[in-house]
Each structure stands twice: as structure tokens, then as C-alpha cells.
Amino acid sequence: MKIPLFHVDAFTSEVFRGNPAAVCPLNAWLDDATMLAIAAENNLSETAFLVRKPGAYDLRWFAPRHEVQLCGHATLASAFVIFNALDPAAQSVRFDTCSGVLVVTRDGELLSMDFPALPITASANPPARLLAGLDRRPSLILESTDNAAEGNYFCVYESEDDVLRVRPSLPLLEQLHPAGVCVTAPGRNSDFVSRYFAPSYGIPEDPVTGSTHCSLVLYWSKRLDKPRLHARQLSARGGELFCESKGDRVILRGNAVIYMQGTILF
């Protein structure tokens, strides 16, 4: 079998930065075990699989260990592949996913993604493994109130330096599955910064995480009293997003660049 493979760096305009995603256009769905095996072989935080249908694409995302319910950077990468390789005349693309309809449009030099807003509220009883797994105690802990199939914890710190200094115990955070852990704070040269850890999915630290910004944008927009926000993720690779709160939706804008194109053979 031959499957096209695109390796795209998302939320950046430079290769070797942002979050790398693999994109595999398919003529028809493979079985789940095969898609998970491909994701594990790629060993990137996400591999996206898409199947074209009239007027849209079906889209699914796989981490090295599990299928995920929502992924921003691999959606951005998938749209980039469509706009630059599969359908260069397209100005927008609709993806049908397990998290609903996601639309990506060309927006000047950026790509603009219309995603669901995922509310978060103060965590009434944070698990002991979360607090033990963070070497720095946050000033506030929030948790997802939607997207219950996965969910996340959001730990708010006072400064960007606090976020940079976090050295989590990944074995402890892995026990929070299916939840991941996001740490965030006001930014020095951006409205806010974050990092994200999802070790139970085979992702010790995600380079740039679109899905967490579906919640972060709601929190920081309200806290800073501004609908448009510039966000940076402080991983080793780094990345940035230009965000907007739109009620029950959020707009996430970013760049992408192709690193490699090839063919999977098996």
C-alpha cells in the first residue's frame, strides 16, 4: 500500500520550529489499528488522516498512543496541505470531525481556524497527582467543563518566568489520563504564554497546542478584557498564535511550512 505523507511545521513560518504534524490523505479509511501504528511510527505529537467527500473532508487525529478528540496544529497542517498541494484554488476548507465542523480559511499570510470554545472553571478538588507532579505550585487551577472525553487541567502562574521554570514529573502527570496539563501566565512580549504536557498520549511536552487555546483564549480574554490576543507557547521549538474570542467559538490564526513530503509503503 502507498499513502502520501506530508510533514508540516505548524504555528510557525520557519522549519524546525512550531509543532510538526504528519498529514496523510486517504482514499478511504484504514482500520484504527493501522492508523495508530502509522502515528506511532511517525512519532510526532499528531498524525492527521483525511478523506475527501463532496464539499468537505472527514478528519481524524492520532497521537502515538491514542486517538484524540481535537487537535489544532494538525488541523492547520491539514489545511496547509490542501491549500498548497491538493486543492490550490480553494480559499476555505471544511473538516467534519468528532468535535464538530471545523473551518479553515486563508487569511492573508495566515490560516484562520474556526474552533469550538471549550470553557474552563476553577477546579474544586485538584487531584493529588497533579499537585505532586508540578514542582511549582500555581496560583490557580482550572479544569475543562466540556470535551469530557479528554479534558485538561490549566495551572495559572504569576509570570512567564514561572512557566519557563516548571519541571514536571511526567510519570505522575501520565497517571491523570485522559487529561493533559497546561501551565500558563501573562506574557512579557505577548498577551499570555503557555506550555502543555500530555505524557499519557506519548507527548511529554507538546511544542504548540491549538486545542488548549480553545480554553486559554476564553480565560485570558475575560481576564485581560480584550477579544483579540497574541499567544506564545514556550516549548523548546516555540510557536505563536493570533487568537480571537467569538462567544462559543474561538478563532486561531497561524502560519505553517512544509518540511518533508514522501510516501508510506507497507
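The values are calculated or read from the model by the stated rules, or taken from the named source; none is laboratory data. Just so you know, these numbers come straight off a predicted model, no measurement behind them. Note: ideal-geometry Cβ built from the backbone for every residue, glycine included; neighbour counts use all protein chains shown.
Structural remarks
- Residue match in the stretch 232-254 (condition: on the phi > 0 side of the Ramachandran plot and part of a loop (DSSP other than H, G, I, E, B)): yes
- Out of Ala128, Ala132, sole residue that is touching a residue at least 24 places away in the same chain (Cβ under 8 Å) and assigned by TED's automatic domain parsing to the domain that holds Ala179: Ala132
- Checked against the criteria, Arg137 counts as at pLDDT below 95, surrounded by fewer than 16 Cβ atoms within 10 Å (Cβ to Cβ) and farther than 20 Å from His213 by Cβ.
- Test: residue in the stretch 19-31 that is in contact (Cβ under 8 Å) with a residue 24 or more places away in the chain, surrounded by fewer than 17 Cβ atoms within 10 Å (Cβ to Cβ) and within 20 Å of the chain's Cα centre (by Cα): no
- Every residue from the stretch 93-132 that is among the small types (Gly, Ala, Ser) and within 18 Å of Ala74 (Cβ to Cβ): Ser99, Gly100, Ser112
- Within the stretch 1-59, the set of residues being within 26 Å of Pro207 (Cα to Cα) and small (Gly, Ala, Ser) comprises Ala10, Ser13, Gly18, Ala21, Ala22, Ala33, Ala37, Ala39, Ala40, Ser45, Ala48.
- Scan the stretch 25-59 for residues that are touching a helix residue (DSSP H, G or I) at 6+ places or on another chain (Cβ under 7 Å) and not β-branched (Val, Ile, Thr) and the total you get is 6.
- Filtered by the rule that a residue be touching an Asp or Glu at 6+ places or on another chain (Cβ under 6 Å), within 17 Å of Gly133 (Cβ to Cβ) and at pLDDT 95 or above, the stretch 165-197 gives Arg167, Tyr196, Phe197.
- Leading residue by the ranking (nearest to Ser13 (Cα to Cα)) among those in the stretch 37-78 that are assigned to a strand (DSSP E or B) and basic (Lys, Arg): Arg60
- The requirement of being surrounded by fewer than 18 Cβ atoms within 10 Å (Cβ to Cβ) and touching a residue at least 24 places away in the same chain (Cβ under 8 Å) is not satisfied by Glu205.
- Test result for Phe49, without any contact (Cβ under 8 Å) to a residue 40 or more places away in the chain, hydrophobic (A, V, I, L, M, F, W, C) and surrounded by 24 or more Cβ atoms within 10 Å (Cβ to Cβ): yes
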